[in-house]
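Dumping the structure here so I can ask a few things about it.
The values are calculated or read from the model by the stated rules, or taken from the named source; none is laboratory data. Everything numeric in this text was worked out from a predicted model, so none of it was measured. Counting neighbours? That spans all protein chains shown, and the Cβs are built from the backbone with ideal geometry, glycine included. Side chains included, ligands, DNA and RNA excluded: accessible areas come from the protein's heavy atoms. Shrake-Rupley method; radii C 1.70, N 1.55, O 1.52, S 1.80 Å.
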Amino acid sequence: MTIQTITTTPFAGQKPGTSGLRKKVAEFRQPGYLQNFVQSLFNSLGECAGKTLVVGGDGRFYNREAVQVIVKMAAAHGFGKVLVGCAGILSTPALSCVVRKHGAFGGIVLSASHNPGGPDGDFGIKYNTSNGGPAPEAVTDSVYAHTQSIAQYRISDALDLDLDTLGTLRLEATDVEVFDPVTDYAELMTRLFDFDAIRALFARGFAMRYDGMSAVGGPYAHAILEGMLGAPRGTVINGTPLEDFGGHHPDPNPVNAAQLVALMAAADAPDFGAASDGDADRNMILGRHFAVTPSDSLAILAANATVAPGYRAGIKGIARSMPTSCASDRVAEALGVPCYETPTGWKFFGNLMDAGLVTLCGEESYGTGSDHVREKDGLWAVLFWLNLLATRGMPVEDIVREHWARFGRNYYSRHDYEAVDADAAEGIIVRLRGMLASLPGRVLGGHAVALADDFHYLDPIDQSVAKMQGIRIIMDDGARIVFRLSGTGTEGATIRLYLEKYEADIARHSIDTQEALFSLAQAADALSELKLRTGRAGPTVVT
């Protein structure tokens, strides 16, 4: 084995977004493309000698090959140890857990999250720092700068390693340990939740279905739900990770998790349904004939946090992304704790958690988590709900309606216009920015505009500023219209429209969500000319 220095030239467009670098598989498979990005990352990190790196991914197409490249490059850069999930598998929250538990220098996540997989699908790479959370913009900006001037990369010429057998291998001067990707994560879950109470729940005949969406969450769910907690075999469906996710889009929402939604709508539906996405950091929660919105899920878990042993002392605070509904704000006020509003992207929660200011965090895009790791965590949310159901002894719908009766209901919906022309999408946002000053005082959808701005965030810990994070139009009664461009897709642009309306009257808590928000949706379209400018008759996905 020798360490080789390979001459290379830069590739355009290797700028990491809010969730790392995501591109089509074909782009990643270009000779030197992945190597250039990894070398640029290592150049940004500085001295790596003797340090520990964690590597794993969601098992999508190209995952195995990418792991081999990264391990060989890590050895060429003198890392003392590389921890690799068996078969290259490691969920995003589990990677965060492993980094934190073993005091690693950082970790590399190979995933495009909820994006489709397979040879024609998407691939992604993201770096997590020593706190287990996504790299801050200072790091990703540095990586991008290096990608623009890179001239060479270093890699071991060793043969591919056996990633399917547990144990430690020697590569150059680096120990490569192939470990069980579930063990550390499962142990952490036993310290957070009342496993005895959940076991008793299943022993009483409680029925659930967990849809792993043929992605990385399946092995964790099989081990924890069906193994440690005694749920019957068959509780976990689509539990084997597949390189193309079985041809499905691994996004846990009513459109892409249609099989689970149909099961929960059937006459003989189980008591509880849940799903996670490609890398198991997102979650969808369903009751029998009833869906729980991600925003409501965050608020309900916060209001009932003390049912779980890991949160019995109460929570320090809540953080939510700006587009997420204000339901959790009302819970924070009732609990007497702060609620922080951040830009979209889990990395913005990291400073707040590290500073001990917040315990629970959430995003409307089916992401919920806490300070146990520094990533959102799909199975964690499912276990929290199981702990709540075991303690309260009530169906999912009753728990949600009881919450609405106490705090009021935030009617909330997101309309996604996916893969639209990038120039048209940018034009809509630029046009809206130009209208902001004229909006206060206008009436939109029967609501008077109180504030209109392009959201910016001042981090209370490091004083960093994030600008132009989404157009907010806030009404004097708390209703909101929000527009933002998403950075998670790989084709064209995705425009997200968020609609929210608060309703205190319990007699009006059973209106259909889209009906309740209809006038706001009409006003938003008229204001933005969204359908006209995108050429779309309506949104691609409504959640």
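Pick from ARG442, ARG374, ARG433: which is basic (Lys, Arg) and open to solvent by less than 20 Å² (accessible area, probe 1.4 Å)?
Every option except ARG374 fails the conditions.
While we're on this one: Scan the range 401-430 for residues that are surrounded by 15 or more Cβ atoms within 10 Å (Cβ to Cβ) and in contact with a helix residue (DSSP H, G or I) (Cβ under 6 Å, 6 or more places away or on another chain) and report the count.
Qualifying residue count for the region: 10.
Go through the range 164-180 and give me each residue that's open to solvent by 10 Å² or more (accessible area, probe 1.4 Å) and either under 15 Å from ASP377 (Cα atoms) or among the aliphatic types (A, V, I, L, M) (or both).
LEU166, LEU169, ALA173
Show me the strands (runs of 3 or more DSSP E) entirely contained within the range 242-293 in which 3 or more residues are in contact (Cβ under 8 Å) with a residue 40 or more places away in the chain and aliphatic (A, V, I, L, M).
Values: elements: 272-276, 283-287, 290-292.
Once the strands (runs of 3 or more DSSP E) in the range 242-293 are filtered for at least 3 residues that are in contact (Cβ under 8 Å) with a residue 40 or more places away in the chain and aliphatic (A, V, I, L, M), what remains is 283-287.
Taking into account only those residues within the range 227-242 that are surrounded by fewer than 19 Cβ atoms within 10 Å (Cβ to Cβ) and touching a Ser or Thr at 6+ places or on another chain (Cβ under 9 Å), which is farthest from GLY278 (Cα to Cα)? Can you show your working first?
First, the residues of the range 227-242 that are surrounded by fewer than 19 Cβ atoms within 10 Å (Cβ to Cβ): 227-228, 230, 232-234, 237, 240.
Next, from what is left, pick out any that are touching a Ser or Thr at 6+ places or on another chain (Cβ under 9 Å): 228, 240.
Numbers: MET228: 23, THR240: 12 Å.
Filtering the range 227-242 for residues that are surrounded by fewer than 19 Cβ atoms within 10 Å (Cβ to Cβ) and touching a Ser or Thr at 6+ places or on another chain (Cβ under 9 Å), the one farthest from GLY278 (Cα to Cα) comes out as MET228.
Kindly provide the set of residues from the range 509-537 that are touching a residue at least 40 places away in the same chain (Cβ under 8 Å), of a type outside the set (A, V, I, L, M, F, W, C) and within 25 Å of ARG409 (Cβ to Cβ), ordered by number.
If the condition is that a residue be touching a residue at least 40 places away in the same chain (Cβ under 8 Å), of a type outside the set (A, V, I, L, M, F, W, C) and within 25 Å of ARG409 (Cβ to Cβ), then HIS509, THR513, GLN514, SER519, GLN522 are the ones that fit.
Also: Among the residues of the range 183-190, are any in contact (Cβ under 8 Å) with a residue 24 or more places away in the chain, aromatic (Phe, Trp, Tyr), surrounded by 14 or more Cβ atoms within 10 Å (Cβ to Cβ) and in contact with a strand residue (DSSP E or B) (Cβ under 6 Å, 6 or more places away or on another chain)?
No, that holds for no residue.
Those residues that are open to solvent by less than 10 Å² (accessible area, probe 1.4 Å), in a loop (DSSP other than H, G, I, E, B) and more than 16 Å from VAL178 (Cα to Cα), I need them from the range 74-110; list them, please.
Listed by number, the list is empty, since nothing qualifies.
Tell me the strands (runs of 3 or more DSSP E) entirely within the range 1-61 that contain at least 3 residues that are open to solvent by less than 60 Å² (accessible area, probe 1.4 Å).
Of the strands (runs of 3 or more DSSP E) lying wholly inside the range 1-61, those with at least 3 residues that are open to solvent by less than 60 Å² (accessible area, probe 1.4 Å) span 21-24, 52-57.
Cβ-Cβ below 9 Å, separation at least six or inter-chain, first residue in the range 443-461 and at pLDDT below 95, second among the acidic types (Asp, Glu) and open to solvent by 70 Å² or more (accessible area, probe 1.4 Å): which pairs?
Pairs found: HIS447/ASP476; HIS447/ASP477; ILE461/ASP354.
Identify the single condition in (1) under 17 Å from GLY427 (Cα atoms); (2) under 22 Å from the mean Cα position of the chain (by Cα); (3) among the hydrophobic types (A, V, I, L, M, F, W, C) that LEU527 does not satisfy, given that it satisfies every other one.
Among (1) under 17 Å from GLY427 (Cα atoms); (2) under 22 Å from the mean Cα position of the chain (by Cα); (3) among the hydrophobic types (A, V, I, L, M, F, W, C), the lone unmet condition for LEU527 is (2).
Out of curiosity, is ALA221 touching a Gly at 6+ places or on another chain (Cβ under 6 Å), surrounded by 17 or more Cβ atoms within 10 Å (Cβ to Cβ) and in a loop (DSSP other than H, G, I, E, B)?
Answer is no for this residue.
Which one of GLY205, GLY212 is open to solvent by 20 Å² or more (accessible area, probe 1.4 Å) and either closer than 30 Å to ALA265 by Cα or without any contact (Cβ under 8 Å) to a residue 40 or more places away in the chain (or both)?
One residue alone meets the criteria, GLY205.
With the structure loaded, tell me whether GLY124 is at pLDDT 95 or above and more than 24 Å from PRO10 (Cβ to Cβ) or whether it fails that test.
no
May I pose another question? Against the conditions (1) surrounded by fewer than 23 Cβ atoms within 10 Å (Cβ to Cβ); (2) outside any loop (DSSP other than H, G, I, E, B), where does LEU298 fall short? Just the number, please.
In the conditions (1) surrounded by fewer than 23 Cβ atoms within 10 Å (Cβ to Cβ); (2) outside any loop (DSSP other than H, G, I, E, B), LEU298 misses (1) alone.
Return the residue satisfying two criteria in turn: it lies in the range 191-202 and is under 26 Å from the mean Cα position of the chain (by Cα) and surrounded by 14 or more Cβ atoms within 10 Å (Cβ to Cβ), and of such residues it is farthest from ASP271 (Cα to Cα). Explain how you work it out, then say what you get.
Taking the range 191-202 and keeping what is under 26 Å from the mean Cα position of the chain (by Cα), we get 191-195, 198.
Filter once more, so that each one left must be surrounded by 14 or more Cβ atoms within 10 Å (Cβ to Cβ): 192-195, 198.
Details: LEU192: 23, PHE193: 20, ASP194: 19, PHE195: 18, ILE198: 14 Å.
So, considering only residues that are under 26 Å from the mean Cα position of the chain (by Cα) and surrounded by 14 or more Cβ atoms within 10 Å (Cβ to Cβ), the one farthest from ASP271 (Cα to Cα) is LEU192.
From the list ALA390, ALA305, exactly one residue is at negative phi, in contact with a helix residue (DSSP H, G or I) (Cβ under 6 Å, 6 or more places away or on another chain), modelled with pLDDT of 95 or more and open to solvent by less than 10 Å² (accessible area, probe 1.4 Å). Which is it?
Exactly one residue qualifies, and that residue is ALA305.
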